[in-house]
Each structure stands twice: as structure tokens, then as C-alpha cells.
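This report concerns only the one structure given below.
Read-outs: derived from the displayed coordinates by stated rules, not from any lab. Every value quoted in this text rests on a predicted model; they were computed, and no experiment measured them. Ideal geometry is used to build each Cβ from the backbone, glycine not excepted, and the neighbour counts take in all protein chains shown.
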Amino acid sequence: MKKIILFLFLILFGSLFLKFSLAPAYANPRCITFKVKVTAKNWPGGGLQVGCPGDKGPQCVGQIKDIRPGQKEVTLGKCSCYPNQNGCLTLGKKLKLGPLDHGKKKVIVVTKIPSKCELTNKKKFCGSNGQTKKATFKLTCKKPSTSNTPTPKLTKKPTPPICVGPEKVTNVKVTCPSCFENTPTPSPTPTEGSN
């Protein structure tokens, strides 16, 4: 009887030991791993997020990571994707993981990629449990418009020259033909009858 109890105890202890010690080692092969890059033409700046869906876990619960166009790839290793889903990766300005719904956890887009940018590769990235896949999102953005509004030039208003004539003299007519030209002091013109 003691041998049977000892044998059952060893089997129970051995199975518990294997369950807890080997579970992490076998966690990653059950998830899909994506190595993701983003390239962009005329990128206005700022970061994005990339995410993958998950399931009820505990390993493949879905994941979201920050990514910038042009940076080296980021790795999402907790992905679980279903054949009926339209691709396993989502790209956006701001993402979040949704609640569990029928054993699935979706990625929700809170803020889309900038409206002046669009994905030029429409390929949907998918994979199966245990696979490692590479994925590159390609964005093309509109060039920022440079307005060619000329800067207003400040022009000085010409100050008219002061045309000062001599005091009134009887029988003498003084003319100032063009006060706006730089002319020397006008000379008096004698009128008839003056000596």
C-alpha cells in the first residue's frame, strides 16, 4: 500500500513539476511572432502604433507596440490570429486591445494614421501558431504645401521736397515749375513794367 501511495505521489509531483517548469518554454511556439517595420515617404513626423489580436491566453493575449517610420523592426510575440480575420496586424496613430469576445481579443483603432498618408501596400499580414513572420507597412504621404506668398515689401513714401519761394514782391512773379524735382532755388521772373 505504501508503494502505491508513493507511486501516486511521484506521478502527481512529477506532472505538476513538468506543467509549471515547461509551460513558459512552450508558450512562444503557440503564438505567432511578427517582426514589423514601417517605411514612409514624406512622413510628417510623429509615432505610430502596431498591434496584433489575441485570445483568452495566458500567452497569446495580443500586443501593441510603438513604432516610427524608418526605425528598426519591432517584435510582437504574443499574437493569435484566426483564419477568418482580415489580416493579423493593425497600424494606427493610437491603438488599444478590445475586451474578450467569444475567446478573441481584437485591436481597436482609436486614432487612424494621418489623413494625408495612405498605405501603398494593401497586403494583409497573416500567420499560423508558432510561426515568425516579417511584415513591412509602406506609407506614402502628401508633400507639405509650401505657400509662395510673397512677403510684402515696405516702400517708403516719397517726401515731397519743400518748395520755398521768396516773399511776395510787388510786380514780380515767382514760379516753381516742379516742386517734386530736385531743382535749385527758383529764380524770380520780372514782369513787364518793372525796372
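Taking Lys and Arg as +1 and Asp and Glu as -1, the other residues whose beta-carbon sits under 13 Å from that of Lys104 total +1. In a reduced charge model with +1 at each Lys and Arg Cβ and -1 at each Asp and Glu Cβ, the range 28-141 shows a dipole moment near 200 debye about its Cα centre. Footprinting exposure proxy ranking of Asp66, Asp55, fewest other C-beta atoms within 10 angstrom first, gives Asp66, Asp55.
Near Gly57, no amide H atom lies under 5 Å from its own; only residues 5 or more places off or on other chains count, and H is placed 1.01 Å from N. Computed from the alpha carbon atoms alone, the convex hull of the range 28-141 holds 89 Å³ per residue.
Taking other residues whose beta carbon is less than 12 angstrom from the beta carbon of Asn42, and scoring Lys, Arg as +1 and Asp, Glu as -1, yields +3. Among the listed pairs Lys106/Lys143; Lys37/Lys142; Lys72/Lys104, a Cα-Cα separation exceeding 25 Å is found for Lys106/Lys143; Lys72/Lys104. Within the shell defined by Cβ-Cβ distances under 14 Å, the residues around Lys116 carry a net charge of +4, with Lys and Arg each +1 and Asp and Glu each -1.
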